[in-house]
1. Given a cut-off of under 8 Å on Cα pairs at least six residues apart, what relative contact order in percent is computed for segment 7-257?
2. Give the order of HIS162, HIS208 when sorted by the count of other beta carbons within 10 angstrom, beginning with the fewest.
3. Kindly put CYS6, CYS141, CYS38 in sequence by how many other C-beta atoms sit within 10 Å of each C-beta, fewest to most.
4. Taking LYS86 as the anchor, which aspartates and glutamates have their alpha carbon closer than 19 Å to its alpha carbon, excluding any fewer than eight residues away along the same chain?
5. Taking the number of other C-beta atoms within 10 Å as the exposure measure, put LEU52, LEU92 in order starting with the fewest.
6. Run the Debye formula on the Cα coordinates of segment 28-176, all scatterers equal and no solvent, and tell me log10 I(q)/I(0) at q = 0.09 1/Å.
7. Would you please report the Å³ per residue occupied by the convex hull of the alpha carbon atoms in segment 7-257?
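Every number here is computed from the coordinates shown, using simple stated rules; none is lab data. Just so you know, these numbers come straight off a predicted model, no measurement behind them. Glycine gets a Cβ as well: all are built from the backbone with ideal geometry, and neighbour counts include every protein chain shown.
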Amino acid sequence: MDFFNCIQDVFSEPKVAQKKFAEKGFIHIKSVFSKEVCLEAIKSIDSYEINLEKSNSVTLVTETIENKTYTKYFQGAYQLGDPLRKFFSFNLLRVGSILLDERDVYFADLEAHIRNPGGGEIPKHQDNFYFNLSEALGMTCYIALSAHDTTTGGLNYVEASHARVIAHDQSLCPGFSSSLEYTHDDPEARKKRIYKPTYDIGDVTIHHPNNIHFSEALQREAGRKFALSARIFASEETKDLAGVERYQRLLTKNRARHA
């Protein structure tokens, strides 16, 4: 089976979850958060967008579609209050500790990722090119606030693509400064399976920081889709300072281009 039916399955079979995460580079857990909690989060994001102005900052990237401005990416989404802070949950943190072999862990950030009809894609990338964790002791928890799949902007994963961080190129995509063509570095890449989850409201996929993932652009006729991205890092982790400098150079170019 490609997914766990509920979060309790992870708690009852921690070694199974660890093994899947280590081998595939991700796990998928159904029904982690309730529909009510997810809809309240969407309401908070909607309220935040009233009188939203165009932005291409590190913390907020917008898209303008048919003369209307929408959020694409919002870092620090927990600042919107309790409806968002509820996703900093003990159960999710507990799963993070299990996947990192019972290490002490913490929430590093909570971001809103919104898939707008007619907006851009998420290019293929590895989060650790952005995070620069020296030992890759971390993960990203993609929390579906809306039901969606690969045809409606859902995140897709390249299975077993997390052995190392691959050199990224400059990305022209708003909100994503770097992207990669992983086939250049991995001659076996064409044989790797692409996992394309079907997300119900409240589902969570958790991926290794080196896992390659991406999404397709959302067609104009599709409905708007909402997700959150919670980062969990091991408390013992340190930053690769040379990697941070490299990432900052690409980030500066990306934000300047779309200013």
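1. 30
2. Placing the least packed residue first, the sequence is HIS162, HIS208.
3. CYS6, CYS141, CYS38
4. Those aspartates and glutamates meeting the cut-off are GLU36, GLU40, ASP46, ASP109, GLU111, ASP200, ASP203.
5. If I rank by nearby Cβ atoms, fewest first, I get LEU52, LEU92.
6. Those come out to -0.32, one per q.
7. 119
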